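Worksheet: one structure, shown below.
The values are calculated or read from the model by the stated rules, or taken from the named source; none is laboratory data. Predicted, not measured: the structure shown is a model, and the values here were computed from it. With ideal geometry, Cβ positions are generated from the backbone for all residues, glycine too; neighbour counts draw on all protein chains shown. Accessible surface areas use protein heavy atoms only, side chains included; no ligands, DNA or RNA. Shrake-Rupley method; radii C 1.70, N 1.55, O 1.52, S 1.80 Å.
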Amino acid sequence: MEIHAHVIKFGLSQDPKIRNYLVNLYSKCQLFGYARKLLDRSTEPDLVSWSALISGYSQNGFCQEAVLAFYEMHLLGIKCNEFAFPSVLKACTVTKDLVLGKQVHGIVVVTGFDSDEFVANSLVILYAKCRGFGDARRLFDAIPDRSVVSWNALFSCYVHSDMHGEAVSLFHDMVLSGIRPNEFSLSSMINVCTGLEDSVQGRKIHGYLIKLGYDSDPFSANALVDMYAKVGILEDASSVFDEIAKPDIVSWNAIIAGCVLHEYHHRALELLREMSKSGMCPNVFTLSSALKACAGMALRELGRQMHSSLIKMDMGSDSFLGVGLIDMYSKCKSMDDARLVFKLMPERDMIAWNAVISGHSQNEEDEEAASLFPLMHTEGIGFNQTTLSTVLKSIAALQANYMCRQIHALSLKSGFEFDNYVVNSLVDTYGKCGHVEDATRVFEESPIVDLVLFTSLVTTYAQDGQGEEALRLYLEMQDRGIKPDSFVCSSLLNACASLSAYEQGKQVHVHILKFGFMSDIFAGNSLVNMYAKCGSIEDASCAFSRIPVRGIVSWSAMIGGLAQHGYGKEALQLFKQMLKDGVPPNHITLVSVLCACNHAGLVAEAKHYFNSMKILYGIEPMQEHYACMIDLLGRAGKLEAAMELVNKMPFQANAMVWGALLGAARIHKNIDLGEQAAEMLLVLEPEKSGTHVLLANIYASVGMWDKVARVRRLMKDGKVKKEPGMSWLEVKDKVYTFIVGDRSHSRSTEIYAKLDELSDLLKKAGYAPMVEIDLHDVERSEKEQLLYHHSEKLAVAFGLIATPPGAPIRVKKNLRICFDCHTVLKFISKIVSREIIIRDTNRFHHFRDGSCSCGDYW
């Protein structure tokens, strides 16, 4: 401006050349008022001045002003040149105004500048940035002499639009055409390799950089660090980083973010310290990565220190870092701090709301997560698929079906009904709320059905006990050509486990081997669980031994399997091995340990583990642990000790505990205890028929038939129906269902003939029907007939005629096996020389050669 004063003083202000320089100066310095005054005072404003003004507007982001200046220039009759066109086309690109851009393109063609490389490059970028890639490519191909700048123009558009395949193809075309790539081409290509996670191609580009002498270029070096870090080759990222003479903030951020991305949190924090020592100040991106590292390692105190530093650096109100703080505190299980950060944020956008809702959901504070969503809606904050999916996760945990329907309706209104994340979450939530039909309908109405959606519905069917539907859906998935992953295989194995479908479980095992999922811990754990629940503890043990890295779920599944099969001592031995291997137990493991003691009658060992839970493992006993101990003491006849433990519980006993006491009362024919337990159960679970049946059995066992009749009247008056005994047997990939007295089977005649045949053999072997356990008010002969037709006997009879001689017969039952069936199956296993495996609600019974694995202790 001083110089400008001298220009005026010496009378040179009307010199066109000096005026153009001044317009250019003021435009570049964003003093557009001065630039316009010079233009307006000019008697003959020329193209150079207008070009300088338009260029200044465009370069400084004043795109609308650039366009208006272009209009004004055009109206004055001043023709545009190869310097003005790129500036106005850039303004059209930034504003995404393709209509105006096409009009300018028309002027370019008319004035003959379409063959100019700089103008053509600007047109290519305009069309590409406005998603007109076909037009952009045609314009690019029409440029007569393309320099590396032209190639870079289209190349950068492909990279920014994540069209990585097209970018790679264009790079190869450029090299084949003899154009030598420059540092910009190569750094852009490195970004492509990062997007594709293609380290092989990335190494080739690294070789190009070294060969062409660009390896010292800071942009290329930073791109290399970022690429190697993001694809997980942190050694190479560190090597490139160490070779940078003066790493800038971008270099530090790339290496630190890469460490955090691949969960090398400790290394990320070490690098942050090195950065501080070097005198480089962190920016919001550095600090965001540091907060993620604190979150990943649950370092709440270090996170607090960083929070304090942010406040001192006057960055505490930054919304980006605010979200990072919410995430850090949430993952450190400090939701009070997370909510305080959220509350103090000056502007809470959708990302901040999503972060705090997600924090509550992750910490199992599902009511808080669900209640925040209406508040978010009330404040006029929008929502996205992340919001809906997170809220649905909490709704699933709460099993709040009415809320699920509301979110479903909202997703329909807001256009998210076909979003994959939302659809998957809806299927999962409806399934967990027990509304399988709604989950199926959402699945069927989805236009895009992918692997994740199939997995969600397969899991829903498996959790609901609809194993056959889960397996049918898997076959449909295969018919559609969708390749399974380890998660869907795990869900299928759970479905087979719920059905005790051993053969079908083995087929899924074959698929796991075929697709290479044996090293996957989820698939391995599910195999252990499936084989254990299908009655083959040997196969379960084999699957367990092949899991490469056993976590707590693996150990718990195997210990629980051994416990259910009555191998109590083996289960405890495995538990000791787990502790030796340095794996701490969780509350589920300890439930399995107590169950193992229970099924084997190991009272002293159970007391030891129960009393040391808090001291040795830091786990407070829960209802499940008390129920196991009370059941164990009750079975062992220590009824007073069992009641004493109930009275000492730090919380009210639930149905599980009173059920254990009722079972103990039945075994030991204790009327008073049975009546007390039944009274509590009728309050807690009035709809369950099992309470009435067990109480009636207790009365019947001591001949109190008047009280048996009274219980039956109570059931009739209360409209409580006895749950029918059902058994399932798998033969040749099909699961057959049997109900007491059932004659609906296609081979019913053969089944009952087999039972008659066995009846004669049983009598010869010394079996006498235990008619006293049948509560029907009928003659003895009819009671004998009813006992003979229990569902598990029908299933075993069918197994004997439908499976190969010598093959084990595996039956699943929905109720506890009765004394009579238990006695009969011991006899049958010896008569026919077959192993019979029964899985009832309590445990497994392996009948071999006239005896049972439970040792008649169940």
By my count, helices (runs of 4 or more DSSP H) wholly in region 448-548 with at least 1 residues that are farther than 25 Å from HIS435 by Cβ, among the β-branched types (Val, Ile, Thr) and open to solvent by less than 40 Å² (accessible area, probe 1.4 Å) are 502-514, 521-533, 537-545
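Residue-by-condition table, conditions (1) over 30 Å from GLN399 (Cβ atoms); (2) touching a residue at least 24 places away in the same chain (Cβ under 8 Å); (3) of a type in the set (Ser, Thr, Tyr):
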{"residue": "LEU291", "(1), (2), (3)": "yes, yes, no"}
{"residue": "MET306", "(1), (2), (3)": "yes, no, no"}
{"residue": "ILE311", "(1), (2), (3)": "yes, no, no"}
{"residue": "MET335", "(1), (2), (3)": "no, yes, no"}
{"residue": "ARG348", "(1), (2), (3)": "no, yes, no"}
{"residue": "HIS360", "(1), (2), (3)": "no, yes, no"}
Can you go through ARG267, ARG273 and tell me which one is in a helix (DSSP H, G or I), over 26 Å from the mean Cα position of the chain (by Cα) and either under 21 Å from GLU183 (Cα atoms) or in contact (Cβ under 8 Å) with a residue 12 or more places away in the chain (or both)? ARG267
Being in contact (Cβ under 8 Å) with a residue 24 or more places away in the chain, open to solvent by 10 Å² or more (accessible area, probe 1.4 Å) and either within 27 Å of GLU166 (Cα to Cα) or of a type in the set (D, E, K, R) (or both) is the requirement here; does ASP40 meet it? no
Note: among SER592, SER612, just one is surrounded by 18 or more Cβ atoms within 10 Å (Cβ to Cβ) and of a type in the set (S, T, N, Q), namely SER592
List the number of the failed condition for LEU681; all other conditions in (1) closer than 21 Å to LEU815 by Cβ; (2) outside any helix (DSSP H, G or I) hold. (2)
Criterion first (at pLDDT below 90, among the acidic types (Asp, Glu) and open to solvent by 70 Å² or more (accessible area, probe 1.4 Å)) does ASP114 satisfy it? yes
In this structure, does GLU620 turn out to be of a type in the set (D, E, K, R), assigned to a helix (DSSP H, G or I) and more than 18 Å from GLU570 (Cα to Cα)? no
Could you give me the residue pairs with C-beta distances under 6 Å whose first residue belongs to region 688-714 and is closer than 16 Å to ASN670 by Cβ and part of a helix (DSSP H, G or I), whose second residue is of a type in the set (Ser, Thr, Tyr) and open to solvent by less than 30 Å² (accessible area, probe 1.4 Å) wherever it lies, and which are 6+ apart or on separate chains? LYS707/TYR699
Within region 52-65, is even one residue of a type in the set (Phe, Trp, Tyr) and either open to solvent by 80 Å² or more (accessible area, probe 1.4 Å) or in contact (Cβ under 8 Å) with a residue 60 or more places away in the chain (or both)? no
Kindly provide the set of residues from region 1-31 that are part of a helix (DSSP H, G or I) and either among the hydroxyl-bearing types (Ser, Thr, Tyr) or open to solvent by less than 40 Å² (accessible area, probe 1.4 Å) (or both), ordered by number. HIS4, VAL7, ARG19, ASN20, TYR21, LEU22, VAL23, TYR26, SER27
In the list GLU757, GLU644, GLU723, which residue meets the criterion of being at pLDDT 90 or above, under 28 Å from GLN785 (Cα atoms) and surrounded by fewer than 17 Cβ atoms within 10 Å (Cβ to Cβ)? GLU757
Open to solvent by less than 40 Å² (accessible area, probe 1.4 Å), free of Cβ contacts under 8 Å to residues at least 24 places away in the same chain and not aromatic (Phe, Trp, Tyr): does that describe GLY207? yes
